[in-house]
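The structure appears right after this line, and notes come after that.
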Amino acid sequence: MNITSKLPNVGTTIFTIMSGMAAQYKAINLSQGYPNFEVDQNLKNLINKYVQAGYNQYAPMAGVLELREQISKKKKLLYGVEIDFNTEVTITNGATEAIYSAISALVHKGDEVIIFEPAYDSYVPAIEVNGGIKVSIRLKSPDYKIDWDEVSDKITDRTRMIMINTPHNPTGSILDKNDMAALKAITKDTDIIILSDEVYQHLIYDGCVHESVLRYPELANRSVVAMSFGKTFHATGWRIGYAIAPKLITSEIRKVHQYNTFSINRPLQHALADYLKNAENYLSLPSFFQEKRDLFINALKDSKFDLLPCHGTYFILARYKDISDLGDQEFSRWLTREHKVAVIPISSFYTDNTDEHIIRFCFAKTEDMLLKAAERLVDL
């Protein structure tokens, strides 16, 4: 059978590869971005409550009404914005489906989509499988700030979408008010859609504020915001997220969503709706993860790694030039195999495999695991 691949350059993700190596070599897994600690027992009890109560059939296509209503209230509390939970919120199979459904619904063949690299690995395949053209702008270490003049130069009459990610995976950088002002100016009087990946919205540190596009009406009116409960509540395996967008855009996203996943796990939705009523369940997250970040940074202070700034997410980058001359792919495999700490090479987040000899650690781990990993890393 002759099959022409729509994604001929796509193979197994680096996350699968490095987690597989971690298991094979019994290494401490600081590679793939998931916590090794438990979900709040109160939330697990709520799920069981709704399973036992019989909430086990299809949920509404757009999502359980109570959950969408709580999301709307949450955004009002956080960003002071009114969200219509009937027409502007859609529950999705993780933020990845929210991103994919938005691109599928809004990007046509030949449309250009601006992305910033290093970028999360699902972006480019979603663009390309839908016939879009990826336009990359490189963020430069160590601060990974966006050069908005370069963005302006890259915009053409074919630019359909600009994808942003704040806090940013893999770099831990964040966008500020000046970035939002620049984005507003660049997109004013255009039909450009903003797709804002904000799955780490609560994981932001040092007293910084999360600058969601939802704070800015001029941006919110042209934006799709993808968010995740899995990242927020330490349950990445639940695969539950949501998309927020104006009514006109939401109606198009739902056309794709209903024929992709149709609806999402019902008892989880009801449980999350109840859990969100206590705002402390998410307002406490910045201090919770900053404590882990600071613990890990302090534990590595005597190592030869050069840690880059981390203002958000649960990832921190490190240069290793004083340890090895190996490329980051080979170094990551060597570190996993020989020193039993699994990490992610940052070149995997560039479509051209740019190698700055930088790796990514995930610090969403228990204290004992972080300290044990740091002990091995300091010994290098």
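Just so it is clear, none of the values below were taken in a lab; they were calculated from the coordinates. The model shown is predicted, which means the values in this text are computed figures rather than measured ones. Note that each Cβ is placed from the backbone with ideal geometry, even for glycine, and that neighbours are counted across all protein chains shown.
Rounded to whole numbers, the Karplus 3J(HN,Hα) couplings from phi for the range 369-380 are 5, 4, 5, 5, 5, 5, 4, 5, 6, 5, 6, 5 Hz, using 6.51 cos²θ - 1.76 cosθ + 1.60 with θ = phi - 60°, and x at Gly and Pro. Once the chain from Lys321 to Asp153 is taken as fully extended at 0.36 nm per residue, the excess over their C-alpha distance is 57.1 nm. Counting Lys and Arg as +1 and Asp and Glu as -1 over every other residue whose Cβ lies under 10 Å from the Cβ of Tyr25, the net charge comes to +3.
Between Thr187, Thr171, Thr12, the residue with the greatest mean-square fluctuation in the GNM of the chain (Cα pairs under 10 Å linked by springs) is Thr12. Across the range 41-58, coupling constants 3J(HN,Hα) worked out from phi with the 6.51/-1.76/1.60 Karplus curve, θ = phi - 60°, read 4, 4, 6, 4, 5, 5, 4, 4, 4, 7, 5, 5, 7, x, 7, 10, 9, 3 Hz, and Gly and Pro carry x. As a rough guide to protection, the peptides 360-371, 190-201, 207-218 ranked by mean Cβ packing within 10 Å, highest first, stand as 190-201, 360-371, 207-218.
Remark on Ile133: its backbone amide H falls under 5 Å from those of Gly110, Asp111, Glu112, Val113, a criterion applied only to residues 5 or more positions apart or on other chains, H modelled at 1.01 Å from N. FRET efficiency for the pair Phe15 and Asp40, taken as 1/(1 + (r/R0)^6) with r the Cβ-Cβ distance and R0 = 22 Å, rounds to 0.30.
Could you let me know the centre-to-centre spacing of the range 269-321 and the range 1-39, using Cα atoms, in angstrom? Their Cα centres are 22 Å away from one another. Ranked from largest, the principal axis spans of the Cα set of the range 57-275 equal 49, 42, 30 Å. For the range 57-275, the relative contact order is 30 percent, taking Cα pairs closer than 8 Å that sit 6 or more residues apart in sequence and dividing their mean separation by the residue count.
Listed by chain and number, the lysines whose C-alpha is less than 28 Å from the C-alpha of Lys145, apart from same-chain residues fewer than 8 away, are Lys75, Lys134, Lys154, Lys177, Lys184, Lys188, Lys231, Lys292, Lys301, Lys304, Lys321, Lys365.
Sorting the segments 26-33, 295-302 by their mean number of nearby beta carbons within 10 angstrom, highest to lowest, gives 26-33, 295-302.
With each run of n ≥ 4 DSSP H residues scored as -39500 (n - 2.57), what mean residue ellipticity at 222 nm is computed for the chain after dividing by its residue count and rounding to the nearest 500 deg cm²/dmol? If you can, show how the numbers build up before the last one.
On the way: 15 runs with 151 residues, N = 380.
When only DSSP H runs of four or more count, the value is -11500 deg cm²/dmol.
Which one, Ser19, Ser152, Ser347, has the greatest fluctuation when you compute a Gaussian network model over the chain with C-alpha springs under 10 angstrom? In this elastic network of the chain, the residue with the biggest mean-square fluctuation among Ser19, Ser152, Ser347 is Ser152. Stretched out straight at 0.36 nm per residue, the stretch from Asp368 to Asn56 would grow longer than its current Cα-Cα span by 108.5 nm. Projecting label points 7 angstrom from Cα along Cα→Cβ for Thr351 and Trp334 puts them 3.1 nm apart. From most to least packed by mean Cβ count within 10 Å, the peptides 46-56, 86-96, 248-258 give 86-96, 248-258, 46-56. With springs connecting C-alpha atoms under 10 Å apart, model the chain as a Gaussian network and identify which of Leu65, Leu335, Leu77 has the largest mean-square fluctuation. Sorting by GNM fluctuation, first place goes to Leu77. Here the label points at Asp84 and Lys6, each 7 Å from Cα along the C-beta direction, are separated by 3.1 nm in the simple model.
Quick one: which residues, 5 or more positions from Ile194 or on another chain, have an amide H under 5 Å from its amide H? H modelled 1.01 Å from N in the peptide plane, none for Pro or chain starts. Here Ile162, Ser223, Val224 satisfy the definition.
Considering only alpha-carbon pairs that sit under 8 angstrom and 6 or more positions apart, the relative contact order computed for the range 184-328 is 23 percent.
Measuring nothing but how far apart in sequence close Cα pairs (under 8 Å, 6+ apart) lie, relative to its length, the chain scores a relative contact order of 25 percent. Using the beta-carbon distance between Lys177 and His108 and R0 = 45 Å, what value does 1/(1 + (r/R0)^6) give for FRET efficiency, to the nearest 0.05? Once rounded, the FRET efficiency stands at 0.85.
Among residues other than Thr261 whose Cβ falls under 15 Å from its Cβ, what is the net charge (Lys/Arg +1, Asp/Glu -1)? Each step should come with its number before you reach the end.
Values: positive: Arg239, Arg254, Lys255, Arg266; negative: Glu97.
Around Thr261, the surrounding residues sum to +3.
Of all the Cα-Cα pairs you can form in the range 139-242, what percent are over 19 Å apart? Tail fraction, whole percent: 46.
Would you list Lys75, Lys140, Lys134 from fewest to most Cβ contacts within 10 Å? Please report the intermediate quantities before stating the final value.
Working: Lys75 24, Lys140 9, Lys134 18.
Exposure proxy ranking, most exposed first: Lys140, Lys134, Lys75.
Taking a sphere under 15 Å around the Cβ of Lys44 and counting the other residues whose Cβ falls inside, with K and R at +1 and D and E at -1, yields a net charge of -2.
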